[in-house]
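**Q** Pasting a structure here, questions to come.
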Amino acid sequence: MTEAYDKEEEVEEAKQLLKRLKIYSLLDLALIFPSSYSDTTLSASLEPGKVHTLEATVEEVSNLGGKLRVIFRLTRFNQRLSSTFFRSTPYHFKEFAPGTPHIIQGRLEIYKGYLQMSQPRSLKTVGKITTKYKTVLKDNEIRSLIECYITEQNLYHEGLDSKEAAALMKVHFPNRLDDILENGQYKQDLISVFKWVEAFNHIKKLHGKRINFPALYALNGAIEAFVTSLPFTLTVEQQAVIAQIQKDLARNDKAAKRMVVGDVGSGKTMVILASAMMALPHKSILMAPTSLLALQLYEEACKYLPKTVRIALVMQSKEEGKYQEADFIIGTHALLYKEDLPQAALVMVDEQHRFGTKQRQSLEALVSGGEIKPHFIQFSATPIPRTQAMMESELVDVSLITTTPFEREVTTKTIGRSDFPGLLEHIRREIAQDHQVLIIYPLVEESSEVPYQSLEEARGFWEERFDEVYVTHGKDREKEEVLLSFREKGNILLATTVVEVGISLPRLTLIVIVGAERLGLATLHQLRGRVGRNGLKSWCYLYSNAKTQNVRLEKFALANNGFDIAKLDLQFRNSGDILDGTIQSGQKFKWLDMGEDEAVIINAKNRLKSIEKRK
Ligand code: ADP
Ligand code: MG
């Protein structure tokens, strides 16, 4: 009885420790590697410059003005070695009495042909490698956890093969440090295993989190009439994603959970509308992060969907159509407060990346309730690297749209103070052609920390020189009204990064981003995506008063595709640039490089698949 109790107590204790280390899987634990090793294996040869462990007997002792000088005879090598103890105490004189045997450890040096080791340690045990960890736990606590859980058997059980398991065992329980280290670093073949294990562990966790529910309905609504009525042909990628969604929705044993990731302007709205068609005669709901965007989607739905489809709009400030009876309900989070919102067979969320964490949780509320769920599709314009998409797809299915329907002609240039007169000229030319200009400032008000003018400092300059100058920013309560009036009659819009909100301003052809070097590439790309929406020739000026050329911005200027930019972002992130963290990828891995290790990720995914099949 007490034994069982002890056992339980031990398990409870281990659980607490694991929690403190934020360990949620056996492989999380296996991936906590020693930060260093102490090795008391006797050295087999003498290699000056390296740390040695040697058997030695004291031959002579002398006192050099308080310093203890000991001449040892190395038992195995039959050579003399001299040591000096600079901070010697009576203890040292007693310890190293002539004739006493020792195991000494220290760095071996050669000086004028004589072997030397300054201040060696005298070891009690020999032939042992001890691992040292840098965690919040004591070394013996983490060691006992590792001894308890990290066994070859357990590693196989987790899905590792014999080579991978052996590599991890060697790292935690080494026989010889030469097997695992080279110049004090882990050997390359081990690092390859570490990468693989990291990838495998991550996708396994994501996979484990995915719970499939049956769907309310299998949806098979026809889309042909809608597709043929469009004034353009859908791109190959739009068609492919639509086909994928058709497959998802046609089954009711598993509710769809898909994320469609497509660059700004890649035509995701058409995919949304096609999906609403598939849902008929059942209802679908589309939620957008802002009223402006909801309104825009509503207008597009009314324009492109057959007139027989009943469409409703629900926002805090405005409602159109009877949402209780509509086939397709479009709205903002105001939807969440409607108690008589009908049950939808399909729930969609546009610009998913614009929702805050809290709002995102409430989105889940739209699809929760019961064991049978609506199909759920989200749309996002934050391009993620392919590698990340591959991983994420263990949790949600991911579709990527990597091209835009028409070639957007946007020229990107980095400029500085001396280019300003030319810039003013260019702005005048655009306005003369009834085009619009957007200027992004880093801050609303002056700050000593930012070496650029703020929105408030700059507005006078523009208002003096131009008509119809509009100003807005993130905390501006009238933001949406300002944007709407600007869309109608504005020349210049001064703003902070708020305009990231996916509103379409078709006449916008020139954007200036002040202090561009301070922003992440993903944000810059979103901002640049605002101009040239309708194929008008457009310009993006990256204004920086930094003296040196910024490589990151120069590369950004040459790249137009969001997926290339996600990749670039990874490269610069790895090199430690200051970014705003729009994409969180590539940071949680110690060994895996999201930019380069695609093959590793594919391999890990395949392993998981074959394990799942065997089950
Ligand atoms: P996203 O939501 O992905 O940023 P939108 O759906 O707003 O992009 O599409 C951008 C623009 O491209 C819209 O004006 C839309 O009407 C147009 N568009 C969409 N698909 C096509 C297509 N296949 N051919 C031509 N234009 C298209
Ligand atoms: Mg969109």
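The values are calculated or read from the model by the stated rules, or taken from the named source; none is laboratory data. Computed from a predicted structure; not experimentally measured. We place every Cβ from the backbone using ideal geometry, glycine too, and count neighbours over all the protein chains shown.
Here is a yes/no grid of residues against (1) among the aromatic types (Phe, Trp, Tyr); (2) modelled with pLDDT of 95 or more; (3) more than 34 Å from the chain's Cα centre (by Cα):
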| residue | (1), (2), (3) |
| --- | --- |
| ASN252 | no, no, no |
| GLY262 | no, no, no |
| VAL271 | no, yes, no |
| SER317 | no, no, yes |
| LEU336 | no, no, no |
| ASP340 | no, no, yes |
| GLN343 | no, no, yes |
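**Q** List the residue pairs whose Cβ atoms are under 7 Å apart, where the first residue sits in segment 337-350 and is closer than 18 Å to ALA255 by Cβ, the second is at pLDDT 90 or above and polar (S, T, N, Q), and the two are 6 or more positions apart or on different chains.
**A** Close Cβ pairs (under 7 Å, with a partner that is at pLDDT 90 or above and polar (S, T, N, Q)) amount to PRO342/GLN324; ALA344/SER284; ALA345/SER284; LEU346/SER275; LEU346/SER284; MET348/SER275; MET348/SER284; VAL349/GLN378.
**Q** Mind counting the residues in segment 441-488 that are loosely packed, with under 12 Cβ neighbours inside 10 Å and in a helix (DSSP H, G or I)?
**A** Residues meeting the conditions: 3.
**Q** Need the failing condition index for LEU177 against (1) closer than 19 Å to VAL260 by Cβ; (2) hydrophobic (A, V, I, L, M, F, W, C); (3) in the same structural domain as CYS148 (by TED's automatic domain parsing), just the number.
**A** LEU177 satisfies all of (1) closer than 19 Å to VAL260 by Cβ; (2) hydrophobic (A, V, I, L, M, F, W, C); (3) in the same structural domain as CYS148 (by TED's automatic domain parsing) except (1).
**Q** Okay, next question. Kindly list the number of the only condition in (1) under 30 Å from ASP564 (Cβ atoms); (2) loosely packed, with under 14 Cβ neighbours inside 10 Å that fails for TYR337.
**A** (1)
**Q** For the structure I just gave you, tell me whether SER275 is at pLDDT below 95, buried (at least 17 other Cβ atoms within 10 Å of the Cβ), within 14 Å of ligand 1 (Cβ to nearest atom) and small (Gly, Ala, Ser).
**A** no
**Q** Select from segment 421-440 the residues that are loosely packed, with under 13 Cβ neighbours inside 10 Å and in a loop (DSSP other than H, G, I, E, B) and list them in ascending order.
**A** GLN433, ASP434
**Q** Being within 27 Å of LEU570 (Cα to Cα), more than 15 Å from ligand 1 (Cβ to nearest atom) and over 22 Å from the mean Cα position of the chain (by Cα) is the filter here, so list the residues in segment 506-542 that pass it.
**A** Selection gives ILE511, VAL512, ILE513, VAL514, GLY515, TRP539, CYS540, TYR541, LEU542.
**Q** Just to be sure, is LEU219 within 16 Å of ligand 2 (Cβ to nearest atom) and outside any helix (DSSP H, G or I)? First the steps, then the outcome.
**A** Details: within 16 Å of ligand 2 (Cβ to nearest atom): no; outside any helix (DSSP H, G or I): yes.
No.
**Q** Sticking with this one: Within segment 283-309, take every residue that is buried (at least 22 other Cβ atoms within 10 Å of the Cβ) and over 30 Å from LEU521 (Cα atoms) and give me the one that is nearest to ligand 1 (Cβ to nearest atom).
**A** TYR298
**Q** Given the conditions (1) crowded, with 22+ Cβ neighbours inside 10 Å; (2) out of contact with any His (no Cβ under 9 Å at 6 or more places or on another chain); (3) closer than 26 Å to PHE355 by Cα; (4) not acidic (Asp, Glu), and given that ALA255 satisfies all but one, which numbered condition is not satisfied?
**A** Going through (1) crowded, with 22+ Cβ neighbours inside 10 Å; (2) out of contact with any His (no Cβ under 9 Å at 6 or more places or on another chain); (3) closer than 26 Å to PHE355 by Cα; (4) not acidic (Asp, Glu) one by one, ALA255 breaks only (2).
**Q** Now for a separate question. Assess whether ASN175 counts as being farther than 24 Å from ILE601 by Cα and more than 28 Å from the chain's Cα centre (by Cα).
**A** yes
**Q** Could you list, in sequence order, the residues of segment 14-53 that are loosely packed, with under 13 Cβ neighbours inside 10 Å and without any contact (Cβ under 8 Å) to a residue 24 or more places away in the chain?
**A** LYS15, GLN16, LYS19, LYS22, ALA44, SER45, listed by residue number.
**Q** Inspect segment 60-70 for any residue being polar (S, T, N, Q) and farther than 30 Å from PRO90 by Cβ and give the result as yes or no. Full working, then the answer.
**A** Within segment 60-70, the subset polar (S, T, N, Q) is 62-63.
Filter once more, keeping what is farther than 30 Å from PRO90 by Cβ: none.
So far as segment 60-70 goes, no, none of its residues is polar (S, T, N, Q) and farther than 30 Å from PRO90 by Cβ.
**Q** Quick one: ASN154 ticks every box in (1) part of a helix (DSSP H, G or I); (2) within 29 Å of the chain's Cα centre (by Cα); (3) surrounded by 15 or more Cβ atoms within 10 Å (Cβ to Cβ) except a single one, so which number is it?
**A** (2)
**Q** Looking at ALA240, ALA276, ALA199, which one is more than 16 Å from ligand 2 (Cβ to nearest atom), of a type in the set (A, V, I, L, M, F, W, C) and over 24 Å from the mean Cα position of the chain (by Cα)?
**A** Values: ALA276 fails: more than 16 Å from ligand 2 (Cβ to nearest atom); ALA199 fails: over 24 Å from the mean Cα position of the chain (by Cα).
On inspection, the qualifying residue turns out to be ALA240.
**Q** Hey, another quick one. Looking at segment 223-252, which of the residues that are without any contact (Cβ under 8 Å) to a residue 12 or more places away in the chain and assigned to a loop (DSSP other than H, G, I, E, B) is surrounded by the fewest Cβ atoms within 10 Å (Cβ to Cβ)?
**A** Restricting to residues being without any contact (Cβ under 8 Å) to a residue 12 or more places away in the chain and assigned to a loop (DSSP other than H, G, I, E, B), the top hit is PRO231.
**Q** Consider segment 253-273. How many of its residues are among the polar types (S, T, N, Q) and either more than 15 Å from ligand 2 (Cβ to nearest atom) or outside any helix (DSSP H, G or I) (or both)? Give the derivation first.
**A** Of all residues in segment 253-273, those among the polar types (S, T, N, Q) come to 266, 269.
Next, from what is left, pick out any that are either more than 15 Å from ligand 2 (Cβ to nearest atom) or outside any helix (DSSP H, G or I) (or both): 266.
Within segment 253-273, residues that are among the polar types (S, T, N, Q) and either more than 15 Å from ligand 2 (Cβ to nearest atom) or outside any helix (DSSP H, G or I) (or both) number 1.
**Q** Shifting gears a bit: Considering only residues that are within 16 Å of ligand 2 (Cβ to nearest atom) and either assigned to a loop (DSSP other than H, G, I, E, B) or of a type in the set (D, E, K, R) (or both), which ones fall in segment 326-361?
**A** THR332, ASP350, GLU351, ARG354, PHE355 - these are the residues of segment 326-361 that are within 16 Å of ligand 2 (Cβ to nearest atom) and either assigned to a loop (DSSP other than H, G, I, E, B) or of a type in the set (D, E, K, R) (or both).
**Q** Here's a follow-up. With the checklist (1) within 16 Å of ligand 2 (Cβ to nearest atom); (2) touching a residue at least 24 places away in the same chain (Cβ under 8 Å); (3) more than 17 Å from ALA344 (Cα to Cα) in hand, flag the one item LYS318 doesn't pass.
**A** That leaves (1) as the condition not met.
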